[in-house]
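The values are calculated or read from the model by the stated rules, or taken from the named source; none is laboratory data. For clarity, every value in this text was computed on a predicted model and none was experimentally measured. Cβ: placed from backbone, ideal geometry, glycine included. Neighbour counts: every protein chain shown. Accessible surface areas use protein heavy atoms only, side chains included; no ligands, DNA or RNA. Shrake-Rupley method; radii C 1.70, N 1.55, O 1.52, S 1.80 Å.
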Amino acid sequence: MPYFDVASSAPLHPVARQALQASLDEGWADPARLYREGRRARLLLDAAREAAAEAVGCRPDELVFTPSGTRAVHLGISGALAGRRRVGRHLVVSAVEHSSVLHAATSYEGAGGGADGESVTEVPVDRSGAVSPAAYAAALREDTALACLQSANHEVGTEQPVAEVAEACRAAGVPLLVDAAQSLAWGPVAGAWSLLAGSAHKWGGPAGVGLLAVRKGVRFAPQDPADERESGRSAGFENIPAIVAAAASLRAVRAEAAEEAVRLRALVERIRGRIPELVPDVEVVGDPVRRLPHLVTFSCLYVDGETLLHELDRAGFSVSSGSSCTSSTLTPSHVLRAMGVLSEGNVRVSLPLGTPEEDVDRFLEVLPGVVAQVRERLGAPVTSSAQSTAGSLIVDARGKRCPIPVIELAKVIGDVPVGETVTVLSDDEAARLDIPAWCEMRGQEYVGEEPADRGTAYVVRRLA
């Protein structure tokens, strides 16, 4: 069964498995002890740190291991903000950061991180998912304590202009924390970043290992209770076998990265090019050039994302989605929302190292039929609740979840004269994103929204 979701978690690399098994016998002792077993454990830990630091592009004494990538992000943000408290309390993040960054920002803001004014600024992105270096630089202030920018987006694969943003931060005297979880397998992060976080299970290492690099000269004050482990920056007994496996697998995937990047990029290009030809009403999202080599994301109109993923699973393909319909809260993906692209029927394909061409070809064979089946299933039982009002229509889709409001809109748009409007009443948060995205795809005019009883009224004018 093809597994196409390494952006969530990669299978354990064979090198990681070998290193884990070997170090279970040698790395169980306390590396802080001076007896023989402790010295062996310390040697393994030091060697792993050196290997990881070389891959990251920092000094070994600048890197510590953490219990997860999320923990690395949280430790990095809290420590950097605390270390620069005298400078200010302002934090800058992009609108498409991983939830670990955004949750840390929300927690900081909620705890009174900026009592003297706005504490967190989110820098918007363009439709490809990238920040503008100029816009990011404009968000920096005299009281900015820390800036955060991911190296590449976890949902759509767009690479961020880290080097340019890092230069702007350096000129402003602001440290930049980079969440490099998605890109470390493919190479070191360029630019003069100050802090960097990563997660081993993203590159084929074991889960439960993260890393945090803090450059020398960066003011950093750990906020956890004092601990002698990992330079006082990550408390608790080190999981040496897992750390050794994480470092070994990072070195191994880097050795394969150059060749595999070329091969997987070609397979992704095939997916990007063929899907719009094979499946009608599809939007491929993310930057077509500045992107991770193994990841592609697309959204299908009139499709329930959760149902689509289940049907692809039944067909033998493991993929993921940023669609609002896969969330228990039924709210759109914050990444897709920030980009202003279609969120319904969203599919993310991220190919593991060694993916055969035949698997991609079979995915392209299966997908059109699966999408057609889901659309038929969703569209058949739906009856439009349209009422004519002086040449315009009102569609009441309240109580119906994505993608039904957009399906209702598509059914009746041809029933109004050119220049007249269709008003969609919906209480689904996803409609705020999907109806404007549908208008852009279909060449219709999105007039806007206004409050309505038990929901929101979305107004669309027919242009064609």
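Out of (1) assigned to a helix (DSSP H, G or I); (2) open to solvent by less than 10 Å² (accessible area, probe 1.4 Å); (3) farther than 21 Å from Glu376 by Cα, the odd one out for Leu433 is which? Condition not satisfied by Leu433: (2). If the condition is being at pLDDT below 90 and either touching a helix residue (DSSP H, G or I) at 6+ places or on another chain (Cβ under 9 Å) or among the acidic types (Asp, Glu) (or both), then the range 387-403 contributes Ser388, Leu393, Lys400, Arg401, Cys402, Pro403.
Please enumerate the residues belonging to the range 58-69 that are open to solvent by 60 Å² or more (accessible area, probe 1.4 Å) and of a type in the set (D, E, K, R).
Looking only at the range 58-69, we keep the residues that are open to solvent by 60 Å² or more (accessible area, probe 1.4 Å), and these are 59, 61, 67.
Within the range 58-69, Arg59, Asp61 meet the criteria.
Looking for whichever is under 28 Å from Lys411 (Cβ atoms) and either in contact with a His (Cβ under 9 Å, 6 or more places away or on another chain) or open to solvent by 10 Å² or more (accessible area, probe 1.4 Å) (or both) here; the options are Val268, Val370, Val335. Which one fits? Write out each step before concluding.
Working: Val268 fails: under 28 Å from Lys411 (Cβ atoms); Val335 fails: under 28 Å from Lys411 (Cβ atoms).
Result: Val370 is the single residue among Val268, Val370, Val335 that is under 28 Å from Lys411 (Cβ atoms) and either in contact with a His (Cβ under 9 Å, 6 or more places away or on another chain) or open to solvent by 10 Å² or more (accessible area, probe 1.4 Å) (or both).
Just to be sure before I move on: is Val422 open to solvent by 30 Å² or more (accessible area, probe 1.4 Å), over 19 Å from Ser343 (Cα atoms), touching a Ser or Thr at 6+ places or on another chain (Cβ under 9 Å) and part of a strand (DSSP E or B) in the structure I sent? Judged against the criteria, Val422 is not a match.
Looking at the structure I just gave you, is Ala257 crowded, with 23+ Cβ neighbours inside 10 Å, part of a helix (DSSP H, G or I) and of a type outside the set (D, E, K, R)? Spelling it out, it is not the case that Ala257 is crowded, with 23+ Cβ neighbours inside 10 Å, part of a helix (DSSP H, G or I) and of a type outside the set (D, E, K, R).
Could we say that Asp313 is surrounded by fewer than 19 Cβ atoms within 10 Å (Cβ to Cβ), over 15 Å from Ala437 (Cβ atoms) and modelled with pLDDT of 95 or more here?
Working: surrounded by fewer than 19 Cβ atoms within 10 Å (Cβ to Cβ): yes; over 15 Å from Ala437 (Cβ atoms): yes; modelled with pLDDT of 95 or more: yes.
Considered against the rule, which asks whether it is surrounded by fewer than 19 Cβ atoms within 10 Å (Cβ to Cβ), over 15 Å from Ala437 (Cβ atoms) and modelled with pLDDT of 95 or more, Asp313 comes out as yes.
Listed by first and then second residue, the pairs linking a residue in the range 427-453 that is closer than 14 Å to Leu342 by Cα and at pLDDT below 90 to a residue that is among the basic types (Lys, Arg) and not in a strand (DSSP E or B), with Cβ atoms under 7 Å apart and 6 or more places separating them unless they lie on different chains, are Leu433/Arg337. How many residues does the range 33-58 hold that are closer than 14 Å to Ala22 by Cβ and either of a type outside the set (A, V, I, L, M) or under 28 Å from the mean Cα position of the chain (by Cα) (or both)? Selection size over the range 33-58: 2. Scanning the range 273-310 for residues that are among the hydroxyl-bearing types (Ser, Thr, Tyr) and either out of contact with any Pro (no Cβ under 7 Å at 6 or more places or on another chain) or within 23 Å of Lys202 (Cβ to Cβ) (or both), which turns out surrounded by the fewest Cβ atoms within 10 Å (Cβ to Cβ)? Ranking the candidates gives Thr307 first.
Scanning the range 13-57 for residues that are under 30 Å from Leu312 (Cα atoms) and buried (at least 17 other Cβ atoms within 10 Å of the Cβ) returns His13, Ala16.
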